[in-house]
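S.K.: My structure is below; once you've seen it, I'll send some questions.
Laboratory data are not the source of any read-out in this text; all were calculated from the coordinates shown. Please read all numbers here as calculations on a predicted model, not as lab measurements. Here the Cβ is made from the backbone with ideal geometry for all residues, glycine too, and neighbour counts use every protein chain on show.
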Amino acid sequence: MYKSIYSSNLKYAPFMLPLLLLPLLGEWVWKLLSPEAFLAYRELTLVINIVYILIVRILLLDTMLFIFTRSHRKLHVALIRIVGLYLEITVLTILYFALLYYLLGVFDIFHYNAAIATEALTQIQSHGFIAALYISTVTFTTLGLGDWVPQTLNAMMAVSVEVILGVVQAGVFMAIIIYALQNREVIEPNPHDS
């Protein structure tokens, strides 16, 4: 029998994690109802969202590590669930920043820095969310192609936080895998202990 790990606390986590996107929904409504006020507080909104996602992500990762290291279910089952939650947190973090960039005006806070034809740039500008998703994915994965450059101090701060979250998440993911591999010993009764 494998060392067991209990993960019933993770049962509802995949359904609860998307709730971290709720503040953006409120901001979207605010932007629709009062665009002038939203524009006036856009930079402050960006800072508040950075602090929010940073706190939520740290709490999520700490909670996952705590549950993983103190569970009683079979290791491979818990590991699969943790990896699934981890992937969900990754996708939600990238989506959170993409929605945030899109909501705040991706073309106002980022500048396209590559030389392309005018038609291609026009096509990119007509697909703001896809551009925001691309920027967020490249930033989170620390690929950093350099084609999009943040234009405001707060956008620079958002990019920095997203990069740090991506690097830390990769490190924590590797730590979970290493922990699981180190603690997968088989628990069997020793015939000489009888």
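S.K.: Find the residue count for segment 123-146, including only residues that are in a loop (DSSP other than H, G, I, E, B), touching a residue at least 24 places away in the same chain (Cβ under 8 Å) and closer than 18 Å to Gln169 by Cβ. Reasoning before the result, please.
M.R.: Within segment 123-146, the first condition is being in a loop (DSSP other than H, G, I, E, B), and the residues that meet it are 126-127, 141-146.
Filter once more, keeping what is touching a residue at least 24 places away in the same chain (Cβ under 8 Å): 141-142, 146.
Remaining after also requiring closer than 18 Å to Gln169 by Cβ: 141-142.
Final tally of qualifying residues: 2.
S.K.: Any residue that is more than 30 Å from Leu33 (Cβ to Cβ) and surrounded by 15 or more Cβ atoms within 10 Å (Cβ to Cβ) - is there at least one of those in segment 117-136?
M.R.: no
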